[in-house]
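The values are calculated or read from the model by the stated rules, or taken from the named source; none is laboratory data. All of these numbers come straight from a predicted model, not from anything done at the bench. Positions of Cβ are generated from backbone atoms using ideal geometry, with glycine treated the same way; all protein chains shown enter the neighbour counts. Protein only, heavy atoms only, side chains kept; ligands, DNA and RNA dropped before computing areas. Shrake-Rupley method; radii C 1.70, N 1.55, O 1.52, S 1.80 Å.
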Amino acid sequence: MIILDLADDLAALELAEKIAARAGQEVTVVRADGTQLASFHAAPKRTEIIEQYAADLREITKKLRRKLN
């Protein structure tokens with residue numbers, strides 16, 4: 001858990017979004033009074049996205065070859 005004491009809510013939200021993207025973990029922004037402002041989920045890693053695209057392209061290529069033959 002990372003605890004940051006930031007006076008500006010907007011700065012905290014922007015930082016939390018960046019941390020979630022880079023760390024690959026969910027980050028929740030909570031004020032000192034306990035009010036939850038937002039929760040940012042980690043985006044899929046770029047390599048996972050590229051691997052999925054490659055798998056999709058292989059499948060499309062197979063289907064096209066079947067149609068052409």
Assuming a ≥ b ≥ c are the square roots of the Cα gyration tensor eigenvalues, decide whether the chain counts as rounded (a/c under 1.5), prolate (otherwise, with a/b larger than b/c) or oblate.
-> prolate
Those trypsin sites (Lys or Arg not before Pro) in the range 1-32 that DSSP places in a loop and that have at most 13 other beta carbons within 10 Å = 31
12 Å beta-carbon shell around residue 6, net charge (K/R +1, D/E -1) | -3
Extension gain residue 63-residue 14, at 0.36 nm per residue separation less the Cα-Cα distance, in nm?
-> 13.3 nm
For the chain, the accessible surface attributable to carbon and sulfur atoms (probe 1.4 angstrom, ligands and nucleic acids excluded) amounts in percent to 54 percent
Averaged per residue, the 1.4 Å probe accessible area of the range 30-69, protein heavy atoms only, in Å², is roughly 97 Å²
With a cut-off of at most 13 other beta carbons within 10 Å, and DSSP calling the residue loop, which GluC sites (Glu not before Pro) in the chain qualify? Please list them.
-> 26
